[in-house]
Amino acid sequence: MMKRALWQGLLAGAAGVVVMTLGEKAEQRLTGRPSSYVPARTLERLTGMPERPEPRAVNRVMHYGQGALLGVVRSAMAHAGLRGPLASTQFTVVRLTNDQILENATGVGAPPQTWPRAELLVDLLHKAVYAFATGAVADALAARSGPGPGQRHAAGRPGRRADAGPLPRHEAYGH
């Protein structure tokens, strides 16, 4: 399961970051908001690279690399049986948290509650677009392997039940 989650997650995350980037570029054309070099500054500080005045290449590496790598988390969720809009909503929080840990730990960013509200809303919107696009691809790819262990567990005792124990080990992975 984890091998599939790895390659499918990289693919899903790459697709999600492309969709997010297209949305960001459209939003920037409409609002006049300039490109952010926060991803580049974060990667420069994480790796000890010197800061460049126009770090476009470093920005792309961090932007696309981080999106692709985080897709592995969403793919693992899908393979475990956490699929659909609720899982993508949960994953939005994972994406936002990942950004904030790296940006705040390097001193590049500040906690979101200190941001101007408009800037915060734009970031939340773009990260949600990423999470839902990544989730759609991850869910579709994982569905080719059938239901995940969590889905098989839920199917064994449908409804909201307190008395549903774990699946037997031989049923958990569909063997």
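The values are calculated or read from the model by the stated rules, or taken from the named source; none is laboratory data. Worth saying up front: this structure is predicted, and the values here are computed from it rather than measured. As a convention, Cβ positions derive from the backbone with ideal geometry for all residues, glycine included, and neighbour counts pool all protein chains shown. Quick note on the areas: whole protein, heavy atoms, side chains included, nothing else; ligands and nucleic acids left out. Shrake-Rupley method; radii C 1.70, N 1.55, O 1.52, S 1.80 Å.
Put simply, of Ala118, Ala128, Ala140 the only residue that is out of contact with any His (no Cβ under 8 Å at 6 or more places or on another chain), under 30 Å from Pro168 (Cα atoms) and of a type in the set (A, V, I, L, M, F, W, C) is Ala140.
Screening the candidates Glu103, Glu119 for the property of being among the acidic types (Asp, Glu) and touching a residue at least 40 places away in the same chain (Cβ under 8 Å) yields one hit, Glu103. For the range 139-152, does any single residue satisfy the condition of being touching a residue at least 60 places away in the same chain (Cβ under 8 Å), hydroxyl-bearing (Ser, Thr, Tyr) and open to solvent by less than 30 Å² (accessible area, probe 1.4 Å)? No, the range 139-152 has no match at all. Consider the range 50-87 and keep the residues that are outside any helix (DSSP H, G or I) and open to solvent by 60 Å² or more (accessible area, probe 1.4 Å). The one that is nearest to Leu167 (Cα to Cα) is Leu82.
Tell me, yes or no, whether the range 162-175 has at least one residue that is without any contact (Cβ under 8 Å) to a residue 60 or more places away in the chain, part of a loop (DSSP other than H, G, I, E, B), open to solvent by 50 Å² or more (accessible area, probe 1.4 Å) and among the basic types (Lys, Arg). No, there is no match, as no residue in the range 162-175 is without any contact (Cβ under 8 Å) to a residue 60 or more places away in the chain, part of a loop (DSSP other than H, G, I, E, B), open to solvent by 50 Å² or more (accessible area, probe 1.4 Å) and among the basic types (Lys, Arg).
Would it be correct to say that Arg157 is touching a Gly at 6+ places or on another chain (Cβ under 9 Å), open to solvent by 50 Å² or more (accessible area, probe 1.4 Å) and more than 27 Å from Arg45 (Cα to Cα)? Yes, satisfied. Checked against the criteria, Arg33 does not count as within 14 Å of Ala136 (Cβ to Cβ) and part of a loop (DSSP other than H, G, I, E, B). Among residues that are more than 23 Å from Leu125 (Cβ to Cβ), without any contact (Cβ under 8 Å) to a residue 40 or more places away in the chain and surrounded by 15 or more Cβ atoms within 10 Å (Cβ to Cβ), Glu44 is included.
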